Amino acid sequence: MQVLIVEDDPMMQLGLEQSLSNQPGIQVVGRADDGYFAVEEALKLKPDIVVMDIGLPRLDGIAATQKIKESLPDVRIVMLTSHTTENEVIAALSAGADAYCVKGTTVERLLAAIEAAREGASYLDPLVARLVMDHLKSPTSAADAIAVGQLSQRELEVLKLMVEGRSNPEIATALYLSPNTVKTHVRGIMNKLAVDDRVQAAVVALRAGLV
């Protein structure tokens, strides 16, 4: 089983490589320390598993996961991160993550997550499993749909690209807009959806069934 490690903390990256390389049947074939490099390495190496952090330079792990899954849907992605808010967990799973582990977990749990992902199953760290269950039971989708309904057609187009993990310059190119105009639309979207960042906006869109 070939594994790509995506982690921007050098000590954490080294510890992961040593822990996984000591396991029979696992070969660490590459390392990346930012989201864009992670996508490049995944496309080049085509690993079986990507162990992915969320808080990465340049491109976060959620957007990197989505980009990898778009090109390599059979690659399994295991999130290993300190991020545990509902928005981040749901956004990562919606982007295509197959398993979600919280940093500080045991090697045994990480290996269980990797094995589950390889077999096509899902794995949730006990620390975030309740968040996911509560989200599935939550009746907020109707409220989210109402919030999204306040957006203009152009704002909806921008939001859909935000959900795909596109940056402002990429959105500007795709919609033939200036970067400043995109910034204005993103600000308007966040105000209308009453959210603080792009991840939260993406979660509202996903809950509302926009994509």
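Give me the residue from region 1-20 that is surrounded by 17 or more Cβ atoms within 10 Å (Cβ to Cβ) and in a strand (DSSP E or B) and, out of that set, nearest to the chain's Cα centre (by Cα).
Only one residue fits best here, namely V6.
Of all residues in region 67-85, how many are crowded, with 16+ Cβ neighbours inside 10 Å and either modelled with pLDDT under 90 or not hydrophobic (A, V, I, L, M, F, W, C) (or both)?
Going residue by residue through region 67-85, those that are crowded, with 16+ Cβ neighbours inside 10 Å are 67-69, 72, 75-81, 83.
Subset that is either modelled with pLDDT under 90 or not hydrophobic (A, V, I, L, M, F, W, C) (or both): 67, 69, 76, 81, 83.
Result for region 67-85: 5.
Just to check your reading of the model, which residue among S167, S178 is surrounded by fewer than 18 Cβ atoms within 10 Å (Cβ to Cβ), small (G, A, S) and touching a Leu at 6+ places or on another chain (Cβ under 9 Å)? Before the answer, list the steps.
Details: S178 fails: touching a Leu at 6+ places or on another chain (Cβ under 9 Å).
Exactly one residue qualifies, and that residue is S167.
Can you tell me which of A147, A64, A117 is at pLDDT 90 or above and small (G, A, S)?
Details: A147 fails: at pLDDT 90 or above; A117 fails: at pLDDT 90 or above.
The conditions single out A64.
Consider only pairs whose beta carbons are under 6 Å apart and that are at least six residues apart or on different chains; among these, list those whose first residue lies in region 141-152 and is over 13 Å from N191 (Cα atoms) and whose second residue is assigned to a loop (DSSP other than H, G, I, E, B) and modelled with pLDDT of 75 or more.
D144/A208; A145/A208
When residues of region 170-187 are filtered for being free of Cβ contacts under 8 Å to residues at least 12 places away in the same chain and over 16 Å from Q200 (Cα atoms), how many remain?
First pass over region 170-187, keeping only residues free of Cβ contacts under 8 Å to residues at least 12 places away in the same chain: 170, 172-173, 176-181, 184, 187.
After this cut, where a residue has to be over 16 Å from Q200 (Cα atoms) as well, the list is 170, 172-173, 176-181, 184.
Residues flagged as free of Cβ contacts under 8 Å to residues at least 12 places away in the same chain and over 16 Å from Q200 (Cα atoms) within region 170-187 amount to 10.
Between a first residue in region 118-139 that is within 10 Å of E86 (Cβ to Cβ) and among the β-branched types (V, I, T) and a second residue that is surrounded by 12 or more Cβ atoms within 10 Å (Cβ to Cβ) and at pLDDT 75 or above, which pairs have beta carbons less than 8 Å apart while being 6 or more apart in sequence or on different chains?
What qualifies is V128/T84; V128/V89; V128/Y100; V128/V102; V132/V89; V132/I90; V132/L93; V132/L124.
Using the structure shown, decide if K183 is closer than 19 Å to N87 by Cβ, modelled with pLDDT of 85 or more and either among the basic types (K, R) or assigned by TED's automatic domain parsing to the domain that holds V39 (or both).
On the way: closer than 19 Å to N87 by Cβ: no; modelled with pLDDT of 85 or more: yes; either among the basic types (K, R) or assigned by TED's automatic domain parsing to the domain that holds V39 (or both): yes.
No: the conditions fail for K183.
Assess whether V50 counts as being free of Cβ contacts under 8 Å to residues at least 60 places away in the same chain, assigned by TED's automatic domain parsing to the domain that holds I114 and under 20 Å from S122 (Cα atoms). Talk me through it step by step, then tell me what you get.
Numbers: free of Cβ contacts under 8 Å to residues at least 60 places away in the same chain: yes; assigned by TED's automatic domain parsing to the domain that holds I114: yes; under 20 Å from S122 (Cα atoms): yes.
Spelling it out, V50 is indeed free of Cβ contacts under 8 Å to residues at least 60 places away in the same chain, assigned by TED's automatic domain parsing to the domain that holds I114 and under 20 Å from S122 (Cα atoms).
Output yes when any residue across region 21-44 is at pLDDT below 95, in a helix (DSSP H, G or I) and over 18 Å from the mean Cα position of the chain (by Cα), and no when none is.
Yes, there is a match, as at least one residue in region 21-44 is at pLDDT below 95, in a helix (DSSP H, G or I) and over 18 Å from the mean Cα position of the chain (by Cα).
Scanning region 86-116 for residues that are of a type outside the set (A, V, I, L, M) and assigned to a helix (DSSP H, G or I), which turns out surrounded by the most Cβ atoms within 10 Å (Cβ to Cβ)?
From region 86-116, those of a type outside the set (A, V, I, L, M) are 86-88, 94, 96, 98, 100-101, 103-106, 108-109, 115; that's our starting set.
If we keep only those that are assigned to a helix (DSSP H, G or I) too, we end up with 86-88, 94, 108-109, 115.
Working: E86: 16, N87: 19, E88: 25, S94: 18, E108: 8, R109: 16, E115: 17.
Going through the qualifying residues, I end up with E88.
The values are calculated or read from the model by the stated rules, or taken from the named source; none is laboratory data. Quantities reported herein were computed from a predicted structural model and do not represent experimental measurements. Ideal geometry is used to build each Cβ from the backbone, glycine not excepted, and the neighbour counts take in all protein chains shown.
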